[in-house]
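All remarks here apply to the structure that follows.
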Amino acid sequence: MLFAGANVNNFVPQPQKVVVQNGVSTFADGSTVGYSRPELKAAAEYAAHALSDVTGVKFRAVKGSGSVTLRLNKKTTVEGAYTLSVKSNKASIAGDGYNGVINGIATLLQMFDPKTNTIENATITDAPAYQWRGMHIDVSRHFLTVDEVKRVIDVIASYKFNKLHWHLTDDQGWRIEIKRYPLLTEKGAWRTHNEQDRICLARAKAWDNADMVMPADRYREIDGKKMYGGFYTQEQIKDVVAYAGERGIDVIPEIDMPGHMLAAVSNYDGVACFAETGWGNTFSSPVCPGKDSALEFCKNIYKEIIPLFPYEYVHIGGDEVAKENWEKCPDCQARIKALGLKNEHELQSWFIDQMEHFFTQNGKKMIGWDECIEGGISKTTTISWWRSWAKDAPTIATKQGNKVIVMPNHRFYLDNDEDQADLQNIYTYDVAEHAADPSLVFGVQGALWSERIPTIERLFYQAFPRAFAIAEIAWRKQNSDFDAFKQRVAGQMVRLNSLGINYRIPNYDNFKVLRAFVDKAEVNLSSLDATAVTRYTTDGSIPNENSPLYTGAITVTENTLFTFRNYHANGHPGDCYRTRYERQEYGLSFLPSGNEKPGLKAQWYDYRGPICSDIESAKFMKQFIVNDVTIPDGAKNNIGLVITGYINIPANDVYTFSLLSDDGSVLTIDSRLVVDNDKEHSALQLAGEMALSKGLHPICVKYFDHNGGILQLTVTDSRGNVLPTEGLYCH
Ligand code: ACM
Ligand code: ZN
């Protein structure tokens, strides 16, 4: 089954205007989808197929009018807009453009009540807020088959996404046949397991989770070695593009350059700066913009790409380019000199500019990741803003007149753990926040980088339900009634279940890794998903399908380690959540000596390691006094911080310490570990509790980061009141 209903109370995205009328419509076997014009034939066939799936009765496409009739409006006011009317067992959809008709079909499909298979009579007038409603998939880090990509297309089309950004190449795998350069796939599409694969397999084992195991059909024996990967022939690409087109989705190819191109620079001469290629400090050897042969190579690749994708845009990539080689390369330096460029950033801009000229000559517009603006960029480039820490990128771009696709990683990278990119934070995100000219915000896009996504099951788990929030802000701009949205999401989960599409049951409300109690505690879990169940263990083992079911509040009086795991109605398990319940005394506090000064001591070390415990072995740089747990102004680049002092606790109570950091952090109070948020990671907030007596308690936060960084601590009492930062002292 590909489709399933939801009913008019559970639309995602919510249409602009729904007027429900009396009565319901039903459709019987032999129903038809009529189309008024030949260009709607594909839409009618798609609708007939999808409606048959949803209703269980047979629909077929016919020329002329039908039980459902599709029409194109004479004039397009907003591309993608449509009206839909259902009455007297008939439906009629009139769309602004093909995509408008497809959006009307998506709405109609969601209107079938799964219990009764009927539709409430209604008139719907609807239009998208943004023209770019995108989803990005990365088939380089882990490959998806043609059928899997089509499943992704089916699902996102049904939520009115209209762009699929297909990240086809990267250092970990080249996934598209280029006839002129066959080694790109012969060699570049296959690998022995890399570190990312090993991490996936280790997690599969540690979490007992089959979704983290690379599928067996993605292995080949090549020269006696077991190799992992895959690629698409150009014929397969055409097939996927046509399939997506019928569903109103433009496919935008990204052949990332001049960085992230290991298969190209390693297998062909004259593409990189030097004969030796591989990895620099962080990124792979880039293309050499100093060599004409390298530019020729890049253009030759796109010469084969362009005819396969009949849409306006191609994506050049342009992110994360290591410029060390360019600094040393005589050809790059000669180019910089000959063109009078200031530096390597301008060399990158020149390269991007050359490619844009080439695209323009070939009838295409260019999109690039936001690094592309660093050395200047033409006004005609559209920017994908992904670096959430580069907040001025969308401002600079829109000031210049460039269109921007908004997808900052702290919210829109769905491969990240939910946490800071949770349903609510995405839903309430102000899309135009950093735009100098909001009319240049082209739209929004989710991203599914696949380093930790080895299967389609895991892809859907990361994508849903958060992709609903993206679908809705793309359709309606900013939204505020989150509670109403959440209820509709719960309705859509029923739909995902019947489609067999995996999804992550959002975090339990108010989840903490450490719960403190003095006498006893109640374990209360609430989940958005009424169709799912939670199983748990108390011995540290991973719950399985035989573990006890959580059926209501559990009272604990002793130290207990809970491991919870959600299971979908079909038995499919998700990830585990651990929380330790700890019986504590309020404990001793210090009396003020009178010598305390306001603020905390923050010692900065030049630290490059991956865990907090080693920070003090690095070179000491400087001491600051900070009035909060925060990164001091003046500490930069490689940051290791040890922040110490006392926290003044106003009364005996159980306090919650929420520690947000990017990368790792660790909090101790009274020398006891309260929050372990250690190791390299993107912004992640973990909360732990502690029973504390009135008075001063020693506090220590260790933190490290190598690029940007966030550090924030919030302390609340048991009634949820936030403690003021005036209560922090040091000697
Ligand atoms: C990116 O995430 N490197 C665009
Ligand atoms: Zn070079």
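When 328, 238, 303 are checked against the criterion of being surrounded by fewer than 22 Cβ atoms within 10 Å (Cβ to Cβ) and under 17 Å from residue 354 (Cα atoms), 303 stands alone in meeting it. Can you name every residue in region 678-694 that is part of a loop (DSSP other than H, G, I, E, B), more than 20 Å from the chain's Cα centre (by Cα) and surrounded by 18 or more Cβ atoms within 10 Å (Cβ to Cβ)? Listed by number, the list holds a single entry, 678.
Restricting the first member to region 79-105 and to residues that are closer than 17 Å to residue 21 by Cβ, and the second to residues that are part of a loop (DSSP other than H, G, I, E, B) and of a type in the set (S, T, N, Q), the beta-carbon pairs closer than 9 Å and six or more apart or on different chains are 83/73; 89/26; 89/67; 90/65; 90/67; 91/67; 92/65. Residues in region 560-617 that are polar (S, T, N, Q), under 30 Å from residue 490 (Cα atoms) and out of contact with any Phe, Trp or Tyr (no Cβ under 7 Å at 6 or more places or on another chain): 566, 570. Of the residues in region 472-487, none is in contact with a His (Cβ under 7 Å, 6 or more places away or on another chain), modelled with pLDDT under 95 and in a helix (DSSP H, G or I). In this structure, is residue 302 hydroxyl-bearing (Ser, Thr, Tyr) and either assigned to a loop (DSSP other than H, G, I, E, B) or within 16 Å of ligand 1 (Cβ to nearest atom) (or both)? Criteria not met by residue 302. Exactly one residue out of 321, 265 is within 16 Å of ligand 1 (Cβ to nearest atom) and either hydrophobic (A, V, I, L, M, F, W, C) or in contact with a strand residue (DSSP E or B) (Cβ under 6 Å, 6 or more places away or on another chain) (or both), and it is 321. Only one entry of 291, 337, 323, 328 meets the criterion of being within 16 Å of ligand 2 (Cβ to nearest atom), free of Cβ contacts under 8 Å to residues at least 12 places away in the same chain and more than 30 Å from residue 246 (Cβ to Cβ), and that entry is 337.
Out of all the residues in region 360-372, which are assigned to a loop (DSSP other than H, G, I, E, B) and either within 16 Å of ligand 2 (Cβ to nearest atom) or buried (at least 17 other Cβ atoms within 10 Å of the Cβ) (or both)?
364
Among the residues of region 418-458 satisfying the criterion of being within 16 Å of ligand 1 (Cβ to nearest atom) and among the hydrophobic types (A, V, I, L, M, F, W, C), which is surrounded by the fewest Cβ atoms within 10 Å (Cβ to Cβ)? In this case the residue turns out to be 449.
The number of residues in region 1-60 that are in contact with a Ser or Thr (Cβ under 8 Å, 6 or more places away or on another chain), at pLDDT 95 or above and closer than 18 Å to residue 244 by Cα comes to 1. Residues in region 577-588 include at least one that is touching a Ser or Thr at 6+ places or on another chain (Cβ under 9 Å), among the hydrophobic types (A, V, I, L, M, F, W, C) and exposed (fewer than 12 other Cβ atoms within 10 Å of the Cβ).
When region 18-56 is limited to residues that are part of a helix (DSSP H, G or I) and of a type in the set (Val, Ile, Thr), the one that is surrounded by the most Cβ atoms within 10 Å (Cβ to Cβ) turns out to be 54.
Applying the criterion of being farther than 26 Å from residue 662 by Cβ and modelled with pLDDT of 95 or more to the residues of region 373-397, the residue that is surrounded by the fewest Cβ atoms within 10 Å (Cβ to Cβ) is 382. Looking across region 310-320, the residues that are touching an Asp or Glu at 6+ places or on another chain (Cβ under 8 Å) and either within 13 Å of ligand 2 (Cβ to nearest atom) or farther than 15 Å from residue 355 by Cβ (or both) come down to 311, 312, 320. Of all residues in region 617-638, none that is part of a strand (DSSP E or B) has its Cβ atom under 6 Å from the Cβ atom of a residue that is surrounded by fewer than 18 Cβ atoms within 10 Å (Cβ to Cβ) and of a type in the set (Phe, Trp, Tyr), 6 or more apart or on another chain.
Please enumerate the residues belonging to region 19-56 that are farther than 20 Å from residue 89 by Cβ and in contact with a helix residue (DSSP H, G or I) (Cβ under 7 Å, 6 or more places away or on another chain). Listed by number, the residues that qualify are 39, 40, 42, 43, 46. The selection criterion, being of a type in the set (A, V, I, L, M), touching a residue at least 24 places away in the same chain (Cβ under 8 Å), within 20 Å of residue 566 (Cβ to Cβ) and part of a helix (DSSP H, G or I), holds for residue 490. Scanning region 259-288 for residues that are within 11 Å of ligand 2 (Cβ to nearest atom), at pLDDT below 95 and in contact with a Phe, Trp or Tyr (Cβ under 6 Å, 6 or more places away or on another chain) returns no hits. The residues on offer are 515, 535, and the sole one that is without any contact (Cβ under 8 Å) to a residue 40 or more places away in the chain and either crowded, with 17+ Cβ neighbours inside 10 Å or assigned to a helix (DSSP H, G or I) (or both) is 535.
Remark: pairs (first residue in region 369-380, within 14 Å of residue 404 (Cβ to Cβ); second residue within 16 Å of ligand 2 (Cβ to nearest atom) and in a helix (DSSP H, G or I); Cβ separation under 7 Å; 6+ apart in sequence or on different chains) = 372/352; 377/349; 377/352.
Within the set 122, 106, the sole residue that is over 26 Å from the mean Cα position of the chain (by Cα) and not acidic (Asp, Glu) turns out to be 122. Within the option set 527, 547, being buried (at least 17 other Cβ atoms within 10 Å of the Cβ), modelled with pLDDT of 95 or more, part of a loop (DSSP other than H, G, I, E, B) and among the hydroxyl-bearing types (Ser, Thr, Tyr) holds for one residue only, 547. Taking every residue in region 298-309 that is under 15 Å from residue 263 (Cα atoms) and pairing it with any residue that is surrounded by 16 or more Cβ atoms within 10 Å (Cβ to Cβ) and among the polar types (S, T, N, Q), at least 6 positions away or on another chain, the pairs with Cβ-Cβ distances below 9 Å are 301/169.
Here's a check for you: in region 381-392, which residue that is touching a residue at least 24 places away in the same chain (Cβ under 8 Å) and more than 11 Å from ligand 1 (Cβ to nearest atom) is farthest from residue 437 (Cα to Cα)? Only one residue fits best here, namely 389.
A quick yes/no check of all residues on (1) in a helix (DSSP H, G or I); (2) over 23 Å from the mean Cα position of the chain (by Cα); (3) more than 16 Å from ligand 2 (Cβ to nearest atom):
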{"site": "347", "(1), (2), (3)": "yes, yes, no"}
{"site": "358", "(1), (2), (3)": "yes, yes, yes"}
{"site": "380", "(1), (2), (3)": "no, yes, yes"}
{"site": "410", "(1), (2), (3)": "yes, no, yes"}
{"site": "416", "(1), (2), (3)": "no, no, yes"}
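Of all residues in region 383-408, those satisfying the criterion of being over 16 Å from the mean Cα position of the chain (by Cα) and not in a loop (DSSP other than H, G, I, E, B) are 383, 392, 393, 394, 395, 396, 397, 398, 399, 400, 404.
The values are calculated or read from the model by the stated rules, or taken from the named source; none is laboratory data. Since this is a predicted model, take the numbers as computed values, not measurements. Counting neighbours? That spans all protein chains shown, and the Cβs are built from the backbone with ideal geometry, glycine included.
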